[in-house]
Amino acid sequence: MTRKYLPSQCPLCGGTKKEGTTTFTVDLDFGVVVVRSVPALVCAMCGADWIQDDVASRLETIVNEAKTKRLQVEVTTLG
Ligand SMILES: [Zn+2]
């Protein structure tokens, strides 16, 4: 028997993914970028999170801007 995970199920623990927010952190050579209130699917059981593609590309823009500005610490909020 093969067990197939539903997209709404966490592949790590089988818990239910729920819409929520997470904090996205990137450690760059020169500093750290922290983005709060990032919309994501969060597992109700283990807390693992999944960021959607469109949100990921917005995060990429923020990271690229931080690289250009070369800020040591960039803390921002998405949305
Ligand atoms: Zn889980």
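Things worth noting here:
- Qualifying residue in the stretch 42-58 (condition: open to solvent by less than 50 Å² (accessible area, probe 1.4 Å), hydrophobic (A, V, I, L, M, F, W, C) and under 9 Å from the mean Cα position of the chain (by Cα)): yes
- Unmet criterion (only one of (1) surrounded by 12 or more Cβ atoms within 10 Å (Cβ to Cβ); (2) under 11 Å from the mean Cα position of the chain (by Cα)) for residue 31: (2)
To keep it simple, each residue is scored yes or no on (1) at negative phi; (2) of a type in the set (Phe, Trp, Tyr); (3) without any contact (Cβ under 8 Å) to a residue 24 or more places away in the chain.
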| residue | (1), (2), (3) |
| --- | --- |
| 17 | yes, no, no |
| 37 | no, no, no |
| 41 | yes, no, no |
| 64 | yes, no, yes |
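- Scanning the stretch 41-64 for residues that are within 13 Å of the ligand (Cβ to nearest atom) and either touching a strand residue (DSSP E or B) at 6+ places or on another chain (Cβ under 8 Å) or under 20 Å from residue 75 (Cα atoms) (or both) gives 41, 42, 43, 44, 45, 48, 49, 50.
- Qualifying residue in the stretch 11-29 (condition: small (Gly, Ala, Ser) and away from the ligand (no atom under 15 Å from the Cβ)): no
The values are calculated or read from the model by the stated rules, or taken from the named source; none is laboratory data. Bear in mind the structure is a predicted one, so any value in this text is a computation, not a measurement. Don't worry about glycine lacking a Cβ; one is built from the backbone with ideal geometry, like all the others, and counts go over all protein chains shown. Quick note on the areas: whole protein, heavy atoms, side chains included, nothing else; ligands and nucleic acids left out. Shrake-Rupley method; radii C 1.70, N 1.55, O 1.52, S 1.80 Å.
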